[in-house]
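Before any comments, here is the structure.
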Amino acid sequence: MIASDTKRPRNVDWKSAAAILYGDWGTSKAYVVGLAFAVAGYSSFWLIAAMCVLTALVGVNYMTICKHYPDGGGVYASVRHRSEIISIVGAFLLIADYIVTAAISALSAFQYLQRVIPIPAALLGYCAAGAIVVIGVLNYLGPKHTGNLAFLVSGAHRRGSWLCSAFSVCRTFGAAIHHIKPLEGGFGANWSHFVGIVLALSGVEAIANATGVMPLNPGCDPSKPCVSKTSTKALVVVMIEVCVFTALLGFGMQALHGLQVIPVPGQDPDVNAPDAHGVRDYMLNYMAQTFVTGSWGATAGAIAGAVVSIVFAVLLLSAVNTAIVDLIAISFLMARDKELPGLFSKLNNYGVPNAGLIVATVIPAILVAVVSDMAGLANLYAVGVVGAIATNLGASSTDKKLDLVRWERVLMFCTFLIMLAIEISLFVEKPDARYFAGSVLLIGLIMRGLASEHLQRKEKAAATASGAVTSPEKAIAIPKFQHDINTAPGAPLLCAIRGIGRTMKFAIEEARETKRPLYLLFVRQQPALTERDRKRKWQDDPEALQIFSEASELADGHTILPCYAVSDSPADTIVDIAATVGASRVILGGAKRSGLISALRGNLIRQVSQLLPEEIPLLVYS
């Protein structure tokens with residue numbers, strides 16, 4: 001029998017990792033540029049440039065974190081070995097950020113779509129809320145392989161950003177230089193403005209969490225994993241693109257003539273332009289349309305504006321999906337670690353925790369429907385992500401057990417101090433963000449207390465009942481298998497099963513008739529893995545125990561070797577185990593889902609067939 005310790009399939013290459021990061025950092029261009037102009041006018045380029053420097057600084061530090069935490073370097077995982085309380089606080093701050101990320105991305109998407117489709121302004125918030133609900137419903141089916149779609153969308157978006165940036169700078173360089181003004185108002189006012197536009201850094205936490213599914217460096221010892229080649233390449237590529245082209249777009253924006261910052265009493269300022277209103281929230285559309293119209297006419301300008309709007313809208317909706325998936329994953333991990341009620345770890349038939357999905361969908365939808373203003377959502381933003389990043393950097397830079405080079409430790413600690421100063425400023429100057437993040441943290445700590453209380457009661461009840469004799473009729477005996485693979489001379493078969501049924505019976509009969517040993521694989525699918533899942537055995541899983549008990553009876557002495565894995569990617573796990581055991585054939589049951597569900601969730605048979613080596617045939621029994 002092969003070891004049943006769970007290994008996460010390391011199937012996220014640098015392109016997929018970059019798409020995860022770009023979904024957050026890249027989308028920030030859609031709203032940061034306009035918000036920056038709203039607070040600083042024609043001096044905003046200097047704030048945008050400073051924000052790009054900060055983004056690069058954070059990116060460099062997370063290259064170090066990803067290198068030293070190959071099994072997950074997000075704040076919850078990397079800080080937990082030092083302090084459970086601090087890791088929990090960091091996790092809830094990150095949850096607050098993901099909630100606002102989903103809301104602001106959805107609203108920004110419809111702000112851009114409004115330039116193409118006539119959507120009444122009063123309905124924008126409700127349309128964004130509806131989109132979040134639809135994306136949440138799709139996630140009920142557990143779509144796991146959205147990375148490829150995100151990469152394709154981000155690729156189209158990057159090319160659009162490059163063209164827009166290059167065109168803006170080439171055609172408007174002189175006008176931009178003429179319009180740019182120096183920063184005014186002293187350090188205090190400019191620091192306040194800078195803090196106000198520090199948005200969309202949470203993607204760096206998402207990519208740090210993904211190190212556990214990145215391929216190991218070539219020649220790396222699996223006992224001492226390192227994924228720096230994948231993580232560093234993803235971070236460098238996205239960091240350079242985002243920093244350079246955000247700065248270029250911010251520079252090109254200065255060439256727009258006649259932009260006016262309109263102070264609204266009691267609200268954040270808006271940005272208007274001649275013959276245009278509210279361009280703050282769709283600044284890149286306005287830039288594309290204005291610059292192209294000036295060169296090639298109104299028709300070309302309208303087309304350029306529509307293309308930019310659609311591309312950004314699609315990418316922003318992809319960012320909503322990423323935020324929802326991240327919310328589901330982190331709540332699931334915390335529930336598995338008994339830091340949230342067990343309800344958040346109960347999976348539906350598609351391997352998705354319903355409670356986490358509901359929270360990840362409903363709360364952002366309500367938030368965007370209630371606030372429905374970009375500046376209002378921005379005011380709720382950065383406290384969560386800045387706090388999480390500061391926690392991670394502070395804990396890692398002061399961890400003496402972490403083998404950091406001196407310059408890495410010094411740079412990380414200095415970055416921590418900067419992030420801490422930003423966090424303090426946000427707490428002081430943005431009461432809405434303070435109250436929102438504080439509310440999420442308070443509710444989270446209350447739920448943690450309830451989970452702890454429930455666990456104590458459960459352990460007490462188990463201790464009380466420890467003397468009770470279990471009824472023999474209800475107990476399932478651990479089955480005994482013939483483990484000597486040499487008793488069956490043929491090359492082994494591998495059958496992946498979901499439950500007791502015709503596929504399992506067919507595989508056992510096929511193995512018996514062909515005199516081959518049979519590896520029977522049961523994959524427990526779930527959205528994220530904890531350290532406990534890596535050590536989980538099939539004897540601890542009631543469903544797997546029942547399946548293997550039935551298989552033992554049907555085998556009637558034939559060589560069957562039970563395989564068990566907990567995975568967030570069943571197709572990769574099946575292929576990995578097939579290659580490990582040297583299977584001569586892989587047997588799968590026919591898909592029973594409708595065409596729509598298969599299209600949304602992904603067809604396991606198709607995925608396995610694409611991943612299997614050519615020398616291992618796939619047999620589908622239906």
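Rule-based calculations on the coordinates, nothing more; no lab input. Fair warning: this is a prediction, and the values are worked out from it, not measured in the lab. Ideal geometry is used to build each Cβ from the backbone, glycine not excepted, and the neighbour counts take in all protein chains shown.
Taking Cα atoms, how many degrees apart are the long axis of helix 124-140 and the longest axis of the chain, rounded to 10 and kept between 0 and 90?
Relative to the chain, helix 124-140 is tipped by roughly 20 degrees.
Could you tell me the center-to-center distance, by alpha carbons, between region 354-412 and region 437-464 in angstrom?
23
Rank the residues Arg82, Arg10 as a footprinting-exposure proxy: fewest other Cβ atoms within 10 Å of their Cβ go first.
Final ranking by Cβ density, sparse to dense: Arg82, Arg10.
Computed FRET efficiency, Cβ-Cβ of Ser622 and Ala300, R0 60 Å: what is it to the nearest 0.05? Write out the running numbers ahead of the final one.
Working: r = 54 Å, r/R0 = 0.89.
Given R0 = 60 Å and the Cβ-Cβ separation, E is 0.65.
For Ile197, Ile577, what's the fewest-to-most ordering of other Cβ within 10 Å of each Cβ?
Ile577, Ile197
Expressed as an acute angle from 0 to 90° and rounded to the nearest 10, what is the orientation of the C-alpha long axis of helix 570-581 relative to the principal long axis of the chain?
50
Would you kindly work out the equivalent ellipsoid of region 28-147 from its C-alpha gyration tensor and give its semi-axes, the square roots of five times the eigenvalues, largest first in whole Å?
Semi-axes from the Cα gyration tensor: 31, 24, 13 Å.
Mean projection of the alpha-carbon convex hull of region 246-351 over all orientations, in nm²?
So the Cα hull casts an average projection of 11.4 nm².
Of Glu614, Glu510, how do they rank once you tally other Cβ atoms within 10 Å and put the fewest first? Don't skip to the answer; put the middle values down first.
Working: Glu614 5, Glu510 17.
With the fewest neighbours first, Glu614, Glu510 line up as Glu614, Glu510.
Grab the beta carbon distance between Ile605 and Lys229, set R0 = 25 Å, and tell me the FRET efficiency rounded to 0.05.
0.20
Separation between the Asp13 and Glu509 pseudo-spin-labels, each 7 Å from Cα along Cα→Cβ, expressed in nm?
Output for this residue pair reads 4.1 nm.
To the nearest 0.05, what FRET efficiency results for Arg502 and Lys460 with a Förster distance of 60 Å applied to their C-beta separation?
Rounded to the nearest 0.05, the efficiency is 0.85.
State, to one decimal in nm, how far the label point of Ala276 lies from the label point of Ser192, with both points 7 Å from Cα in the Cβ direction.
Result for the modelled spin labels: 2.8 nm.
For region 485-621, what size does the Cα cloud have along each of its three principal axes, sorted from largest down, in whole Å?
Projected onto the principal axes, the Cα atoms of region 485-621 cover 42, 33, 26 Å.
If contacts are Cα pairs under 8 angstrom and at least 6 residues apart, what is the relative contact order of the chain in percent?
23
Against the longest principal axis of the chain, how steep is helix 298-336, in degrees 0 to 90 to the nearest 10, with axes from Cα atoms?
That helix lies at roughly 40 degrees to the long axis.
Among [x] 86, 55, 49; [y] 109, 79, 50; [z] 77, 70, 57, which is the computed Cα extents along the principal axes in Å?
Evaluating Cα extents along the principal axes in Å on these atoms matches [x].
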